[in-house]
Every structure is written in C-alpha cells, then in structure tokens.
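Heads up, the thing below is written out as structure tokens.
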Amino acid sequence: MDYLKIQGIKSLNGTIKISGAKNASLPLIAMTILAKNSVHIKNLPNVADIKTMLKLLSNLGAECEFKEDYVVVNTAPLKETKATYEIVKTMRASILVLGPILARFGHCEVSLPGGCAIGQRPIDLHLKALEHMGAKITIKAGYVEATAPNGLKGCDIIFDKITVTGTANIVMAAALACGETTITNAAREPEVVQLCEILNENGVQIDGIGTGELTIHGTCGKLIDIKEFSVIPDRIEAGTYLCAGAITRSELTITNTQPKHLGAVLAKLEEMGSSFTITKDSITIHPSGTIKPVKITTQEYPAFPTDMQAQFLALATQANGVSIIEERLFENRFMHVSELQRMGADITLHGNIATVVGKTELSGTDVMATDLRASSALVLAALVSDGETNIHRIYHLDRGYDSLEKKLEHVGAKIERLKE
Ligand code: UD1
C-alpha cells in the first residue's frame, strides 16, 4: 500500500492544471450505454474511480479503448446486465448504470452499495423514481433487481431530497423512456448540467437544464448517436488547490478551471481574507495576511459543497478565531477531525457541527486517510505542519485526485509517494 510523506513548508508558488471532473465523468461514462455508436470522451481524469467505472462497463461486455488523450467506449457489444458486488463495493457510483441499463435492456441487477465511511447513503430515491416509471424492483441477496419488459414510461417525479446521482440516473433512464419525464427538485450541480447538455445536444430534448425542474423527452427505446465531448474541469480539485494556496499563504494559479462553478468556494475564501485574479478559465489566489475565521453550512449546489467541507476545516485550523462548520448532507462526514486533532487542531464536534478554534500550530505525525475528501484535508494540514506527516491509506485519495503529489511537487511542496 502507498502512503504520502509530506514535509511542512512555508509557501508554494506556480501553476496547477486542473483535470477533468471525476463526478462528471462517472455519469458520462454510464451515459454511453444509451449510445448506438462508439463514444469519444476527452479530459477524463486519471483516477481510480474512472478506471473502476470503465472496468464495470468492460465486465458488462462494452469495449473501452485508451487513446492518447481520449477514451473510446463502445457499448454495442454490451449484453450483461448485472453489476456485481466485487465492483460496486469499491465504488458506490456504480449505481449510475442502473438507469441506463434498465432503460436499454428492460432488466438490470446492481449490488446494493451499502453504507460508507461518510454515512448511510441510501438509494431509495433512485428506486422509487424508477418504480414510478414502471419498473418492478425487488431486493434479494444484496442485489437490486429491476425489470421493465415493456420499457419505462415518462411520468412526474418529485425527489423528496436533492440527489446528484439520483438525478443523473433518472435523467438517463428517462432519455430512453416513452413520453415525457418531469423531475422536480432535481440536482443543479454542474456535473448533472453537463450530462443533460450532452444528451440534449445529441437528440434527447431536455428542458430546464440547470434548474430544479427538468423535463426529459424520451426516445422510446431508440439509442442515440453521441458526438465527441470533453469533460468539464473538476471544481473540487480546483477548490482543494485554492485551499492549498490559502493555507500556505501562497500565490498559486490554477488553470483549465471554470470559475463560475466555484462561486460559493471563492466567496468563503474571500471571507477568510483571500483575494483572486480571475480569467475565463483560470484563478490566481494571492497570499493573504492573516486568515479570518468563517461560518460554513454545506448544502446542494450552488451553495457550499459538502465535498469541500474537510478542506475548509483544515484551513480553519489556521484562521485567527473561531470557525463554525455545519455538515448538512452526510451524517458522518467528520472522520478527518480526529486525525486533525492528532496533529494538534482544536476542534469540537457536536453532532453535525464542528467548532474550530484557531490558529493552532500543527505538528506532523502519522495519520490515516478515511475517505476521499478527508484525505485532502490531511494533505493541506501537512503542508503547514511542523515536521513530517505520513498519510496512510491514500487509496482513498487516488480515487479522486489525479496526480496530486506531482501537481503539488510542481509548485514547491515536499511530498513523496512511498510504499508501506
Ligand atoms: C454525489 C457526489 C458526492 C457528493 C454528493 C453531494 C458523485 C459520484 N458523488 O454523491 O461526491 O458528496 O453528491 O454533493 O457525484 N439520499 C437519500 N436517498 C437516495 C439518495 C440520496 O436519502 O436515494 C441522501 C443522501 O444520503 C444524502 C443526500 O441525499 O444525505 C444527498 O446525496 P446524493 O446527492 O445522492 O449524493 P451522491 O449522489 O451519492
């Protein structure tokens, strides 16, 4: 198993190129199941979750070919309709194949993902919506079995809660359904928007893209022709490197980004004392004097993302004063707190609210990554810690950060990947 050794440093300087968004790529790969042609996808990030998604499609019979700067996915030979436990247990987002496979083949089995480090994460809303569209769903031996021998039918779906992968799943199912599907309380995340835009550009009319109410005009089983596309940049990776700039009080430029996707993150960094130069596709964060404390509540897009909560918590340990961070989406998403405390952070947890008293001097030690974004919080803390930090179990980090240690090393961090 690999681990990261990080030497605390004073400051970083330079430019980091942001990779394609993991959370956009996953549904877009699943979307190829709706295509009748080979789909060319550019700007996929080189991260473990993408490899897992492509492996899942290959196991089902699709052909995935890696070219120099794009991947070709051909789902014409796809015949198998069961996503097995072996794959789903490594990546919950495997559930994204349920909607498109069911819509195309009238049958799909997916292992139940189960809970995960950050909370229960049920899929009841995905299943309820598919039932509404006419699917018969049974749960047996740890698998969801969905059948719709006569195809799916458009209908009105109201999500009780906003769900990102739930919205993506139902949009894809609705793309091949007969008639119109309306989704009320749909997710508005840029990753969902890109999925809708690509379907819309390729023959599935979708109204209301980017709003909380989507209407999908299904093709009634007709597969679609999907032209080459490029995945949007990863806003969470971008936000993480902006936090690296803020915590080390450095000048860092991130390129290949879409600043408009980072509104809530930039607003909180600004409140904490950072300033920026922003172009159409780059952001330069300038060194701040002192870091100010902040109040953050995680919510659905366009509000502050839960996927940036851990990184801001690390940053708050270096703010002068008391920060309050409330997690509204996942009940157990504070696993990084105990590791940050071991590094010297003063954090108190009351239910879903963390109170961070800063500024604390952090010291390097051995810490354990517990989930994807928790891992990046530990990296940020390590960058300003006294001495050396060893971050273990970085397979969590590898799920979603493309070449993290190379990108940070390039801007001056002392970081190495080593074997346990
Ligand atoms: C996606 C992102 C993840 C991000 C999260 C919230 C991907 C691959 N992952 O996860 O990085 O942290 O959105 O922005 O895009 N819920 C239910 N029932 C359901 C579905 C969800 O109760 O059927 C609840 C969840 O437990 C959670 C909330 O709804 O409390 C939001 O979850 P959801 O948006 O579905 O998260 P994911 O799509 O799994």
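Would you tally the net charge around Ile183, using a Cβ to Cβ cut-off of less than 15 Å, leaving Ile183 out, and scoring K and R as +1, D and E as -1?
Neighbourhood net charge equals -4.
Given an 8 Å cut-off on Cα distances and at least 6 residues of separation, report the relative contact order of segment 316-408 as a percent.
Value for segment 316-408: 27 percent.
Can you tell me how much longer the chain between Ile158 and Ser38 gets when fully stretched, taken as 0.36 nm per residue apart minus their C-alpha distance, in nm with one decimal?
39.9 nm
Sequence gap at least 6, Cα distance under 8 Å: using those rules, report the relative contact order of the chain to the nearest whole percent.
Relative CO of the chain lands at 21 percent.
For a test of the definition: using alpha carbon positions, the gyration tensor, and the 1.5 limit on a/c, classify segment 282-401 as rounded, prolate or oblate.
rounded
Report, ordered by chain and residue number, the lysines lying within cross-link reach of Lys407, taken as a straight Cα distance under 18 Å and ignoring same-chain residues fewer than 8 apart.
Reachable lysines: Lys5, Lys10, Lys17, Lys22.
Based solely on its DSSP helices, what 222 nm [θ] is calculated for the chain when runs of n ≥ 4 H residues each add -39,500 (n - 2.57) and the sum is averaged over all residues, nearest 500 deg cm²/dmol?
-8500 deg cm²/dmol
Picking from Thr306, Thr317, Ala35, whose Cα lies most toward the positive end of the charge dipole for the chain (charges on Cβ: Lys, Arg +1; Asp, Glu -1)?
Checking the options against the dipole of the chain, the answer is Ala35.
Taking the mean number of other Cβ atoms within 10 Å as a proxy for protection, how do you rank 250-257, 321-328 from highest to lowest?
The most tightly packed comes first, giving 250-257, 321-328.
Find the centroid of the Cα atoms in segment 146-182 and in segment 194-270, then give the distance between the two in whole Å.
Their Cα centres are 21 Å away from one another.
What is the magnitude of the charge dipole of segment 1-82 about its Cα centre, with +1 placed on the Cβ of each Lys and Arg, -1 on the Cβ of each Asp and Glu, and no other charges, expressed in debye to the nearest 20?
In total the dipole reaches around 200 debye.
So for segment 134-273, if I pair up every lysine 8 or more residues apart or on another chain, how many of those pairs have alpha-carbons under 28 Å apart?
12
If you count only protein heavy atoms with a 1.4 Å probe, what accessible area per residue comes out for the chain, rounded to a whole Å²?
39 Å²
Take the solvent-accessible surface of the protein heavy atoms, probe 1.4 Å, and return the percent of it on segment 117-196 that carbon and sulfur atoms account for.
The nonpolar share, carbon plus sulfur, comes to 53 percent.
Quick one: work out the % antiparallel among DSSP beta bridges in segment 129-281, nearest 5.
Close to 75 percent.
How would you rank 125-136, 199-210, highest first, on the average number of other Cβ atoms within 10 Å across their residues?
Ranking the peptides 125-136, 199-210 by packing returns 125-136, 199-210.
Just in segment 199-286: which trypsin sites (Lys or Arg not before Pro) are loop by DSSP and have at most 15 other Cβ atoms within 10 Å?
Lys222, Lys227, Lys280
Can you tell which of Tyr85, Leu397, Ala48 lies farthest toward the positive end of the dipole of the chain, using +1 and -1 charges on the Cβ of basic and acidic side chains (Lys, Arg; Asp, Glu)?
Of the candidates, Tyr85 comes out farthest on the positive side.
If you put +1 on each Lys and Arg Cβ and -1 on each Asp and Glu Cβ, how big is the dipole of segment 47-128 around its Cα centre, in Debye rounded to 20?
Using only the charged Cβ atoms, the result is roughly 280 debye.
For the chain, build the charge dipole from Cβ charges (+1 Lys, Arg; -1 Asp, Glu) around the Cα centre, then report which of Ala141, Gly239, Ile9 sits farthest towards its positive end.
Positive-most Cα among the choices belongs to Ala141.
Quick check for me: using +1 on Lys/Arg Cβ and -1 on Asp/Glu Cβ, what's the dipole size of segment 335-420 about its Cα centre, in debye to the nearest 20?
200 debye
Find out how many positive minus negative residues lie around Leu4, taking Lys and Arg as positive, Asp and Glu as negative, among other residues whose Cβ is under 14 Å from that of Leu4.
Around Leu4, the charge tally is -2.
So how do 352-364, 176-188 stack up, highest first, on mean other-Cβ count within 10 Å?
For the peptides 352-364, 176-188, the packing ranking is 176-188, 352-364.
Probe radius 1.4 Å, ligands and nucleic acids ignored: give me the carbon and sulfur share of the accessible area of segment 239-331 as a rounded percent.
Of the solvent-accessible surface of segment 239-331, carbon and sulfur hold 50 percent.
The values are calculated or read from the model by the stated rules, or taken from the named source; none is laboratory data. Just so you know, these numbers come straight off a predicted model, no measurement behind them. Quick reminder, even Gly has a Cβ in these numbers, built from the backbone with ideal geometry, and neighbours come from all protein chains shown. Just the protein is used for accessible areas: all its heavy atoms, side chains included, with ligands, DNA and RNA removed. Shrake-Rupley method; radii C 1.70, N 1.55, O 1.52, S 1.80 Å.
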